[in-house]
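Throughout, read-outs are computed from the coordinates displayed, never taken from laboratory work. In this text the structure is predicted, and so the values were computed from the model without any measurement. Note that each Cβ is placed from the backbone with ideal geometry, even for glycine, and that neighbours are counted across all protein chains shown.
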């Protein structure tokens, strides 16, 4: 069970988050929505342990994966190397199987610059799921994709989540993504002391 209880988060003297409390069960997918700039990405970074400057408590497993808005791939490493560098114990066979599951079979020797944006996003998904994470965090994973590619990516992500069953929190601005992928939706709304949560 993932437990989040943030009482206060500020940048300098500017309050960003206030009274944000929720839980995510194993196998549950939760969408986080809200207007741009309200603190959604900040909340994800706190949950992932990338930002420790806040008041409150977070209970999360060590085995987690983060899918950023940008693919964050190493351009000088091959597709296969980008997958295995994060998971050094992953065998070549397992890595190739993971690439096949996201539709990248035969692309293992290509470099990120030789892949389309959709293929780079698929590689990011493969990298996230290769370690069978207990907690999956995704920050607008389908942004900037054309509708058909986004639809395909969403279906693939849903299938991987169903197979792996991590506790998942993802940010989206698209209602259709939340409807198709999430079990429930959390909404960040502005408040006098920073954004608060509405379920």
Problem - Fluctuation leader among 98, 52, 138 - the chain, Gaussian network, Cα springs under 10 angstrom - result: 52
Exercise for the section: Would you work out the relative contact order for the chain, in percent, from Cα pairs under 8 angstrom that are 6 or more residues apart? Expected result: 34
Problem - For region 74-131, alpha-carbon Rg and Dmax in angstrom - result: 9.8, 27
Practice task
Please work out, to two decimal places, the log10 of the ratio I(q)/I(0) at q = 0.07, 0.12 Å⁻¹ from a Debye calculation in which every Cα of the chain carries one identical scatterer.
Solution key: -0.21, -0.60
Exercise for the section: Quick one: compute the contact order of region 74-131, relative version, from alpha carbon pairs under 8 angstrom and 6+ residues apart, as a percent. Expected result: 49
Fill in the blank from the handout: Helix-only [θ] at 222 nm, the chain, -39500 (n - 2.57) per DSSP H run of 4+, per residue, nearest 500, equals -9500 deg cm²/dmol
Exercise for the section: Give, in nm to one decimal, the length gained when the segment between residue 144 and residue 117 is fully stretched (0.36 nm per residue of separation minus the Cα-Cα distance). Expected result: 8.8 nm
Problem - Ranked 20, 171, criterion: other C-beta atoms within 10 Å, fewest first - result: 171, 20
Problem - Packing-based exposure ordering (other Cβ within 10 Å, fewest first) of 170, 66 - result: 66, 170
Handout entry: Stretchable slack from residue 198 to residue 72, in nm (0.36 nm times residue separation minus alpha-carbon distance)
Key = 42.3 nm
Exercise for the section: Would you order 145, 47, 83, 74 from fewest to most other beta-carbon atoms within 10 Å of each residue's own beta-carbon? Expected result: 74, 145, 47, 83
Fill in the blank from the handout: Among beta bridges assigned by DSSP with both residues in the chain, the antiparallel ones amount in percent, to the nearest 5, to 50
Practice task
Starting from the Cα-Cα distance between residue 184 and residue 1, subtract it from 0.36 nm times their residue separation and give me the gain in nm to one decimal.
Solution key: 64.3 nm
